[in-house]
1. Between A:GLN93, A:GLN124, which is touching a helix residue (DSSP H, G or I) at 6+ places or on another chain (Cβ under 9 Å), within 13 Å of chain B (Cβ to nearest Cβ) and either free of Cβ contacts under 8 Å to residues at least 12 places away in the same chain or part of a strand (DSSP E or B) (or both)?
2. For region B:8-61, what are the residues that are small (Gly, Ala, Ser) and not in a strand (DSSP E or B)?
3. Only one residue in B:VAL138, B:VAL158 is within 11 Å of chain A (Cβ to nearest Cβ), in contact with a Lys or Arg (Cβ under 6 Å, 6 or more places away or on another chain), closer than 30 Å to A:SER113 by Cβ and surrounded by fewer than 17 Cβ atoms within 10 Å (Cβ to Cβ), so which one is that?
4. Can you confirm whether A:VAL13 is touching a strand residue (DSSP E or B) at 6+ places or on another chain (Cβ under 8 Å), farther than 20 Å from A:GLY149 by Cβ and free of Cβ contacts under 8 Å to residues at least 12 places away in the same chain?
5. Looking at B:PHE93, is it among the aromatic types (Phe, Trp, Tyr), over 16 Å from the mean Cα position of the chain (by Cα) and at pLDDT 90 or above?
6. Exactly one of these conditions fails for A:VAL104: (1) under 21 Å from A:TRP36 (Cβ atoms); (2) surrounded by 17 or more Cβ atoms within 10 Å (Cβ to Cβ); (3) within 14 Å of another protein chain (Cβ to nearest Cβ). Give me its number.
7. Six or more apart or on different chains, Cβ under 9 Å: which pairs go from a residue in region A:160-171 that's at pLDDT below 85 and surrounded by 10 or more Cβ atoms within 10 Å (Cβ to Cβ) to one that's assigned to a helix (DSSP H, G or I) and among the aromatic types (Phe, Trp, Tyr)? Could you list them?
8. Of the residues A:GLY88, A:GLY149, A:GLY138, only one is touching a helix residue (DSSP H, G or I) at 6+ places or on another chain (Cβ under 6 Å) and either of a type outside the set (A, V, I, L, M) or away from every other protein chain (no Cβ under 14 Å) (or both); which?
Amino acid sequence: MSDIQIVGAPAGVEGSGFFATSLDKAVGLARANSLWPLPFATSCCGIEFMATMASHYDLSRFGAERLSFSPRQADLLMVMGTIAKKMGPVLRQVYLQMAEPRWVIAVGACASSGGIFDTYSVLQGIDEIIPVDVYVPGCPPRPEAIIDGFMHIQELVKTESTRRRETPEYQKLLASYGIQ
Amino acid sequence: MGKITNEEVLNNIATQFTDKVTVVGEPFGLLTLQTSTETITDLLSFLKSSPVLQFIYLTDITAVHYPEQELTIGVVYHLHSLVNNVRVRIKVFIDGDNCHIPTATNLWNGANWMERETYDYFGVIFDGHPDLRRILNVDDMTAFPMRKEFPLEDPNRVDKKDYFFGR
């Protein structure tokens, strides 16, 4: 008897030999359970991510088996660690190279707000240069917290309409970061 | 223990730079001298090429900011005589608003990055340096962060405002 669990079907109309649901929900379900994360790990939070990815916590259970080390094939940018101001343009470049739809998670105090490094050389939170979807607090956060943040991303992905990226709100958000 | 004493080093220097070099002290046995921008190149050149002293290794160039002094920026050179196992420290004080000092890159190629770093953090301009630009900080930075008037904490940060802490 296998104990493999698969994701349940979204809400829809079911009958004998057919199942109908909206395209948004079907696409969202597929996207949310096959996210390709790009780990942008610069310091200790990256070490926690290694534990998250390894067999004990096993992020692959959530469909994120395949880490993408090229931004062009990545869906989720996971920024883990202190981002120095000199690293800022590099991070921004990585974000710009990602194709839509793309999500960003800021893992740990440094990526979220600069953390203890309140100084001239450190970026005070990556949201100064790129939009962020989910923040994970902690210094560093435990793997459970990273997984929790990841599940919040999955929730966002599931409920996001396929047209959201064309909405004026989204365009305005990107424009506020000077991205277009 | 070094092969020559600080006194011998001092006597050697005194043969050429009698009243141009003053002794600041010898904290922890490290002979510390002070000189001026006019003398520094000659002094470094003499220390490096003197067959007795042979201060052939430039350990570091850095600076210190003393806002309460008349000459606010102190440029500090650390030399090491590998042959004699003796070190020496040389200080030159210059005006903080107009900090110019001759480069040491003609004597040591290693001075290149040290001077760029000192320029990056203190704004000291080393005249004659082949490529004096920032080395560690972002290129578009306008301030010199190691000067005392530079705020320690990032002013852009909003989560540390006083009213969050009832101040």
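The values are calculated or read from the model by the stated rules, or taken from the named source; none is laboratory data. Everything quoted here is computed from the prediction, not taken from an experiment. Cβ atoms come from the backbone with ideal geometry, glycine included; neighbour counts cover every protein chain shown.
1. Matching residue, one of A:GLN93, A:GLN124: A:GLN124.
2. B:ALA14, B:GLY29, B:SER36, B:SER45, B:SER49, B:SER50
3. None of the others qualify; the one that does is B:VAL138.
4. So A:VAL13 fits the description; yes.
5. Spelling it out, it is not the case that B:PHE93 is among the aromatic types (Phe, Trp, Tyr), over 16 Å from the mean Cα position of the chain (by Cα) and at pLDDT 90 or above.
6. For A:VAL104, the failing item is (3).
7. A:ARG164/A:TYR170
8. A:GLY138
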